Structure formats: C-alpha cells, structure tokens
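Reviewing the structure listed below.
The values are calculated or read from the model by the stated rules, or taken from the named source; none is laboratory data. Keep in mind the model is a prediction, meaning the values are calculated, not measured. All Cβ positions, even for glycine, are placed from backbone atoms using ideal geometry, and neighbour counts span all protein chains on display. Calculation scope for accessible area: heavy atoms of the full protein, side chains included, ligands and nucleic acids excluded. Shrake-Rupley method; radii C 1.70, N 1.55, O 1.52, S 1.80 Å.
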Amino acid sequence: MTDLLILNGPNLNLLGNREPQHYGSASLDSINTALESRAREKGYSLAARQSNSESELVELVHQASVESVRFIIINPAAYTHTSVALRDALAAVDIPFIEVHLSNIYAREPFRTHSYFSDIAAGVISGLGAHGYILALDAAIHRLDTTSG
Ligand code: DQA
C-alpha cells in the first residue's frame, strides 16, 4: 500500500533544464528523492510518477484508488489549464489532493490563471519553486496524522 502519490504532468521530466527562470534548477529526481526521504522519516510510504500523457495520468489516478492511496500531490503542469478528464478522474476517486505549481501561475500569461483543479483541491501552492512540494507533503502528512482511516 502506498500512502502518498506524487503525480507530475507533461514536461516536468525536463525540470532542471527547462526554463529555469520559471521552474528553478532542481531536477524532478532530486525533488522526488527529497519527498521520499521526508515521507519515510514520518512513517509514510510515497510513490512518485510523471507522465507526458493525459490518458496515462488519468489511469494513474484510477490506479491510486485501487491501491488505496490516501493523499495525492499533483502538479498537472499544462493540463492544469486544459484537462477536464484529469479533473474528473480526481473527483471520481475522491482522494484528497494538493495542487502544486513551481511558478506563480497568477503572475504569468492570462491563460495560466485558470485551473481546472483548484476548486476541488484540498489546497493549492503556487510560486514557491521546488519547496512547494515539501510544503504540500508536510500539509498532507499533517492531514493523515490528524484524520483516521
Ligand atoms: C506549472 C505551470 C503551468 O502553467 C505549466 O504549463 C507547467 C508547470 C508550474 O509548475 O509552474 O508546465 O504547472
């Protein structure tokens, strides 16, 4: 059983090289390694997945339900602004999730200010770089520590 699932959407496999002015210099591997060790310290198991494919992300959300994942931290990347399918998947499985963005999506192009996820998320972190994932993990762990089941 995996307690926490980290899901990253398209192009986030390029972190570290991709537009560092927006997304910083940390690689996705280094972010995931930090998340895994922090979760382990707190006694939780964590899995991290990235996909460039909308359908694969939808499948990973469905699979999370089958595997009784208790909390999801997701950066839907460009699908934030386009994907009703991924939103519907998260709503369908009813697993609480936090939406994370490395950049401040409200301080960029107007099309980035709309998210299909924020209104059904437990919380949203945007603009704090890679540290945003750590903050989301701490919030998720706090939620798991203080809720039963
Ligand atoms: C992003 C912001 C999105 O607008 C963009 O398409 C991304 C990354 C972020 O982490 O800041 O790919 O989700």
Self-check item: Separation in nanometres of the label points that stand 7 Å from Cα toward Cβ, at residue 56 and residue 34
Solution: 2.4
Practice problem: Skip the ligands, DNA and RNA, and give the accessible area per residue of the chain with a 1.4 Å probe, whole Å². | Solution: 48
Quiz item: If the viscosity is 0.890 mPa s and the temperature 25 °C, what translational diffusion coefficient in µm²/s does Stokes-Einstein give for the chain when Rh comes from Kirkwood over Cα pairs?
Solution: 161
Quiz prompt | Virtual spin-label span in nm between residue 145 and residue 91, 7 Å along Cα→Cβ | solution = 3.3
Quiz item: Put +1 on the Cβ of each Lys and Arg and -1 on the Cβ of each Asp and Glu in the chain; which of 142, 86, 24 then has its Cα farthest toward the positive end of the dipole?
Solution: 24
Quiz item: Considering only protein heavy atoms, what is the solvent-accessible area of residue 111 at a probe of 1.4 Å, reported in Å² to the nearest 10?
Solution: 120
Self-check item: Per-residue ³J(HN,Hα) for region 47-52, Karplus 6.51 cos²θ - 1.76 cosθ + 1.60, θ = phi - 60°, Hz, x for Gly and Pro
Solution: 10, 10, 9, 10, 8, 8
Exercise. Just add up the charged neighbours of residue 140: K/R +1, D/E -1, any other residue whose Cβ is under 15 Å from the Cβ of residue 140.
Key: -1
Quiz item: Over what distance in Å are the Cα centres of region 26-52 and region 100-149 separated?
Solution: 16
Quiz item: Ignoring any ligand, DNA or RNA, what whole percent of the accessible area of region 64-136 comes from carbon and sulfur when the probe is 1.4 angstrom?
Solution: 56
Quiz item: Under the Karplus relation 6.51 cos²θ - 1.76 cosθ + 1.60, θ = phi - 60°, what is the ordered set of whole-Hz ³J(HN,Hα) values for region 63-78, x standing for Gly and Pro?
Solution: 4, 4, 5, 4, 8, 6, 4, 9, 7, 10, 10, 10, 10, x, 6, 4
Quiz prompt | Per-residue [θ]222 nm for the chain (sum of -39500 (n - 2.57) over DSSP H runs n ≥ 4, rounded to 500) | solution = -11500 deg cm²/dmol
Quiz item: Which value, in debye to the nearest 20, gives the size of the charge dipole of the chain about its Cα centre, when Lys and Arg are +1 and Asp and Glu are -1 at the Cβ?
Solution: 260
Self-check item: For region 18-23, Karplus couplings with θ = phi - 60° (6.51, -1.76, 1.60), whole Hz, Gly/Pro x
Solution: 7, 5, x, 5, 9, 10
